[in-house]
Amino acid sequence: MLRVTGLTKSYRSAGEDVAVLRGVDLAVAKGESVALSGESGSGKSTLLHLIAGLDAADSGEIRLADVTVSGLNDAGRAELRRDRLGLVFQQFNLIPSLSVADNLVFQSRIAGRHDAAWHDELVERLGLKSLLKRYPEQLSGGQQQRVAIGRALAPKPLLLLADEPTGNLDEDTADEVLALARDLVARTGCGFLMVTHSARLAATLDRQVTLHAGIVA
Ligand SMILES: Nc1ncnc2c1ncn2[C@@H]1O[C@H](COP(=O)(O)OP(=O)(O)O)[C@@H](O)[C@H]1O
Ligand SMILES: [Mg+2]
């Protein structure tokens with residue numbers, strides 16, 4: 001499903017190149033959930049951004065199914081994000097001017113992949129039925145993240161990428177939201193790569209890897 005090979009990335013800071021990723025190898029199989037941990041500043045978000053095609057690596061290869069992400073131009077990477085990837089961030093990133101219902105369908109409509117039955121199932125499983133007319137500012141953090149997960153999974157992506165998705169939630173809400181995400185990921189059969197600080201949450205996924213000194217072990 002996802003195969004990252006020899007990925008490197010440096011940032012220029014105060015006139016010096018600082019190597020953040022020094023040859024990352026990482027694979028996520030179809031239907032597999034993987035937790036990525038590592039110290040703050042170790043490059044976890046950088047790695048997710050590269051996989052999502054939000055930035056370009058210096059060298060190495062990223063393959064998603066039959067596509068070489070690292071070989072695409074900006075337009076190709078935007079298309080890949082739209083059609084193949086689901087993204088969830090710590091800050092929820094819902095569109096404030098859209099209702100929950102409109103936030104939910106936003107991604108799948110843009111991708112031309114709206115599926116009414118799957119949409120209804122997402123609403124049901126995520127417990128969003130009574131919240132559809134509300135706006136993001138009228139929701140709790142846990143409710144907002146449930147909407148964000150629904151939006152990301154609505155187009156049935158090949159891979160769900162989540163960067164500390166429960167980082168702004170209290171422990172009980174984090175457990176509940178992640179359990180929903182795991183169930184839905186299992187239901188779609190997509191891959192799931194999640195950055196988390198929490199060893200407890202990481203342990204609930206299929207496999208745990210750590211980013212340290214620029215490589216994944
Ligand atoms: N756009 C950028 N420009 C310069 N340095 C950056 C940029 N993005 C991240 N960095 C640096 O790269 C390192 C890794 O950052 P990041 O991937 O956000 O780490 P993590 O998500 O593991 O906390 C940090 O030292 C950070 O300061
Ligand atoms: Mg980060």
Residue list for region 170-200, filter: farther than 13 Å from ILE149 by Cβ and within 16 Å of ligand 1 (Cβ to nearest atom)
LEU193, VAL195, THR196, HIS197, SER198, ALA199
Across region 55-99, the tally of residues that are within 16 Å of ligand 1 (Cβ to nearest atom), within 19 Å of VAL24 (Cβ to Cβ) and part of a loop (DSSP other than H, G, I, E, B) stands at 4
Go through region 29-45 residue by residue and tally those that are touching a Lys or Arg at 6+ places or on another chain (Cβ under 6 Å) and either within 15 Å of GLY214 (Cβ to Cβ) or at pLDDT below 95 (or both).
2
Answer yes if at least one residue in region 31-54 is in contact (Cβ under 8 Å) with a residue 12 or more places away in the chain, away from ligand 1 (no atom under 16 Å from the Cβ), out of contact with any Phe, Trp or Tyr (no Cβ under 6 Å at 6 or more places or on another chain) and on the phi < 0 side of the Ramachandran plot, and no otherwise.
yes
Hits in region 9-30 - residues which are in contact (Cβ under 8 Å) with a residue 60 or more places away in the chain and surrounded by 13 or more Cβ atoms within 10 Å (Cβ to Cβ)
ALA19, VAL20, LEU21, ARG22, GLY23, VAL24, ASP25, LEU26, VAL28, ALA29
Among (1) farther than 14 Å from SER33 by Cβ; (2) within 16 Å of ligand 2 (Cβ to nearest atom), MET194 falls short only on (1)
For ARG134, which of the numbered conditions (1) out of contact with any Lys or Arg (no Cβ under 7 Å at 6 or more places or on another chain); (2) closer than 22 Å to LYS156 by Cβ; (3) among the basic types (Lys, Arg) fails to hold?
(2)
Here is a list: LEU72, LEU158, LEU132. Which entry is touching a residue at least 40 places away in the same chain (Cβ under 8 Å), more than 17 Å from LEU205 (Cβ to Cβ) and of a type outside the set (D, E, K, R)?
LEU158
Restricting attention to region 31-45, which residues are among the hydroxyl-bearing types (Ser, Thr, Tyr) and more than 8 Å from ligand 2 (Cβ to nearest atom)?
SER33, SER37, SER42
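The values are calculated or read from the model by the stated rules, or taken from the named source; none is laboratory data. The model shown is predicted, which means the values in this text are computed figures rather than measured ones. Here the Cβ is made from the backbone with ideal geometry for all residues, glycine too, and neighbour counts use every protein chain on show.
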